[in-house]
Each structure stands twice: as structure tokens, then as C-alpha cells.
1. Using the alpha-carbon atoms, what tilt in degrees (0 to 90, nearest 10) does helix 9-22 show relative to the longest principal axis of the chain?
2. Any chance you could give the angle, 0 to 90 degrees and rounded to 10, that helix 78-90 forms with the longest Cα principal axis of the chain?
3. In nm, give the distance between the simple-model label positions of Thr55 and Asp14, each being 7 Å from the Cα along the Cα-to-Cβ direction.
4. With a 10 Å cut-off between alpha carbons and a GNM built on the chain, which of Arg37, Arg19, Arg76 moves the most?
5. May I ask you to compute the full-extension gain from Phe42 to Arg21, defined as 0.36 nm times their residue separation minus their alpha-carbon distance, rounded to one decimal in nm?
6. For the full complex of protein chains and a 1.4 angstrom probe, list Glu15, Glu54, Glu87 by accessible area with the highest value first.
7. Treating only the Cβ of Lys, Arg, Asp and Glu as charged (+1, +1, -1, -1), what charge dipole size does the chain show about its Cα centre? Round to the nearest 20 debye.
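The values are calculated or read from the model by the stated rules, or taken from the named source; none is laboratory data. Quantities reported herein were computed from a predicted structural model and do not represent experimental measurements. Positions of Cβ are backbone-derived with ideal geometry, glycine not excepted, and every protein chain shown enters the neighbour counts. For the accessible areas, the whole protein counts, side chains as well, though only heavy atoms, and no ligand, DNA or RNA atoms are used. Shrake-Rupley method; radii C 1.70, N 1.55, O 1.52, S 1.80 Å.
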Amino acid sequence: MSAPASADPRDFADELVARARRAGATAAQARVVSTRRFAIKFSQRGVELVRTTETEATNLDVYRDGRKGSATFTSRAADDLESALAEIGRAHV
């Protein structure tokens with residue numbers, strides 16, 4: 001996959017849709033949801049914990065031969081995405 005992990009979410013979604021179409025989907029839609037949480041825990045002695053958590057999930061819906069298939073990705077690892085997109089080309093969604 002040409003989109004690196006630091007790529008803009010819109011560019012990543014566009015790339016996924018284009019690749020799904022090339023793999024045989026007649027239509028596709030991708031949504032990337034990024035979440036950043038910041039937590040601070042206080043006690044009588046002061047700050048006990050400071051934590052930042054970032055997560056990302058990508059949902060891909062594909063349509064082929066009048067049928068719909070869906071996948072959710074929590075990784076942008078090229079091997080994981082290539083494997084999932086290859087399934088689109090082999091399966092009847």
C-alpha cells in the first residue's frame with residue numbers, strides 16, 4: 001500500500017477505495033476514525049498519572065454483483081491491507 005501510516009486519513013481512505021475498485025468492487029466506501037484521549041489522575045499528593053492514547057479504525061464497505069461486504073482495519077500495515085484487498089478480488093462480496 002502506498003499510503004504510509006502518517007498519511008492524511010482522507011488520502012488513506014481514497015487510496016483504499018481506489019484499490020478496492022481495482023480488486024473488483026463495483027463501488028466502495030471507506031471511513032477513517034481517529035481518536036486521541038488525554039487523561040490526568042489527581043490525588044491529594046498531586047498528579048499521579050498522565051496518559052495520552054491514540055487509536056484509529058478504518059471501515060471499508062465494498063459492493064460487487066449487488067452484494068455488500070465490510071471490513072474493519074485497526075492497522076495500516078501494508079501486508080494486512082494487501083491481504084484483505086486480495087480477498088475482494090477472489091470472493092463474491
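1. For helix 9-22, the angle is close to 20 degrees.
2. 30
3. 2.8
4. Arg37
5. Between Phe42 and Arg21, full extension yields 2.5 nm more.
6. Sorted by accessible area, descending: Glu54, Glu87, Glu15.
7. Taking the Cα centre of the chain as origin, the dipole is about 320 debye.
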